[in-house]
Amino acid sequence: MSTTRMFASPLFLGFDHLEQMLERAAKTSSDGYPPYNIEQVGPTALRITLAVAGFTMDDLQITQEDNQLVIRGRQTDDSHGRVFLHRGIAARQFQRAFVLAEGIDVGGAWLDNGLLHIELARPQPEPKVRHIEIARPGKTRNGGAIVQGSENDG
């Protein structure tokens, strides 16, 4: 089975990294557990909130691996000596990953009433304008310096 590359067009130069991030995001989509919200809480601030009822701070781990924010949860089994007539609250482990854009900073996290909140800061991009010099005929660019063509070039 062959896969079609999204950015195969020659008009998309240098977008290989973006394509890899999209592929990584597609692979990390899981069964939907735990449920989460992503909200914008300010002009440059975002918050991810995960519903992690039953997990303590010691059961949770947050890491940033390159441009990926990974949240892992593993509960300890404390059901020894308990008899359940119905067990509907699963003590299961999870891993939820979010692909972050370049420059996104993880500000911090806190656990409150079964909700894990993670603060993110998105810096505003500064417009970049660069003047590109157009060389005159007979001059070529070599290693960033303009070099005059020699008279012996024949």
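Only the coordinates and a few stated rules stand behind these numbers; no lab work does. Fair warning: this is a prediction, and the values are worked out from it, not measured in the lab. Heads up, the Cβs are rebuilt from the backbone with ideal geometry, glycines too, and the neighbour counts pull from every protein chain shown.
Provide the FRET efficiency to the nearest 0.05 for the residue 85-residue 53 pair, computing r from the beta carbons and using R0 = 22 Å. Approximately 0.60, to the nearest 0.05. Model label sites at residue 16 and residue 95, defined 7 Å from Cα along the beta-carbon direction, differ in position by 2.6 nm. Amide H to amide H, with H built 1.01 Å from N, residue 68 comes under 5 Å of 100, counting only residues 5 or more places away or on other chains. For residue 115, the residues whose modelled amide H falls within less than 5 Å of its own, excluding neighbours fewer than 5 places apart on the same chain, are 52. Annotation for the stretch 69-133: trypsin sites (Lys or Arg not before Pro) lying in DSSP loop with at most 10 further Cβ atoms inside 10 Å of their Cβ are 82, 87, 128, 130.
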